[in-house]
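Please read the structure below before turning to the comments.
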Amino acid sequence: MEVIYVGSILYEMMLASFIAGIVSFQTASLLGVKYAYHFTSIALDFNQTLFIAAIVSGIAFGACSLLTIEVMGYAKKMSNKINASSPVKGLIGGAALTALALIFSTQYLGLSIGLIERSLEGSPIDPYAFLVKIVFTGITLSFGGSGGVITPIFVIGSTAGAFFARVLGLSVPAFAAIGLVSVLAGTTKTPIASSIMAIELFGPYIGPYAAIACIISFIVSGPSTVYPSQVFSLKKFI
């Protein structure tokens, strides 16, 4: 409901969407599908310091969202400039990814789910992990690699959040979680859905901080989006 028209929600589809979501969740659960929840320890009472940190982090995650979109767009332009067949472009992209994996790590190949888990656990990760994952994702999707963009955005957001937390001496699991949903909000222009997702995945107490970071990330990243087909109904961004 939030993705199709940025700045306008299809309210007439709300009831059908909620029914479909609840039924599909229950059906999958009955079939044995298990979901990963990472309820995050964070202040039970409202904390002014965390609130201010969430505001600052929202700005940082908005900038990270914009960087992600720009790098992906640049990689696509580079691919379009290469006058070669799709298999040759795939070979070029694969060679570039192989070289990067030898320089950095193979953990940036594929979905990189391990990086999300380690970020949310507060385990050590490379401080530049989110930057490297942005480059890997841009090359993969622009040179013929298959796959979606949502899971890589989760990786970028959670690792960026872990980096932000370590720089400012904050809770790494909490801000990895906030980063995950905030970069999603900034890149896909879905601050409401991302805020709800934060509560579903990480527990209710993170809600206020995640929501403010998501909205700020949405504003800071401006009209840029990873979905070129999105229709903007907002007259302007603040």
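The values are calculated or read from the model by the stated rules, or taken from the named source; none is laboratory data. Bear in mind the structure is a predicted one, so any value in this text is a computation, not a measurement. Here Cβ is always computed from backbone atoms with ideal geometry, including for glycine, and neighbour counts include all displayed protein chains. Just the protein is used for accessible areas: all its heavy atoms, side chains included, with ligands, DNA and RNA removed. Shrake-Rupley method; radii C 1.70, N 1.55, O 1.52, S 1.80 Å.
What helices does the chain hold that run 30 Å or longer along their axis, going by alpha-carbon atoms, with a Kyte-Doolittle average of 0.5 or more, using DSSP H for the helix calls? Long hydrophobic helices here: 48-81.
Counting only protein heavy atoms, what percent of the accessible surface of the chain is carbon or sulfur at a 1.4 Å probe? Answer for the chain: carbon and sulfur cover 69 percent of the accessible area. Our summary of shape: the Cα atoms of the range 21-125 have principal axis extents of 58, 42, 28 Å, ordered from largest down, in whole angstrom. The solvent-accessible area of Phe218, taken with every protein chain present and a 1.4 Å probe, is close to 30 Å².
In this structure, Glu70 and Tyr11 have a Cβ-Cβ separation that, at R0 = 25 Å, corresponds to a calculated FRET efficiency of about 0.15.
A viscosity of 0.890 mPa s and a temperature of 25 °C, combined with the Kirkwood radius over C-alpha pairs in the Stokes-Einstein formula, give the chain a diffusion coefficient of 132 µm²/s.
With all protein chains in place and ligands, DNA and RNA left out, the 1.4 Å accessible area ranks Met72, Met14 as Met14, Met72, largest first. The distance linking the range 137-155 with the range 20-87 is 13 Å (Cα centroid to Cα centroid, whole angstrom). Per residue, the chain exposes 52 Å² of solvent-accessible protein surface, assessed with a 1.4 angstrom probe and all protein chains in place. Averaging over all projection directions, the Cα-based convex hull of the range 3-44 occupies 5.4 nm² in the image plane. The accessible-area ordering, largest first, of the residues Tyr108, Tyr5 stands as Tyr5, Tyr108, per a 1.4 angstrom probe.
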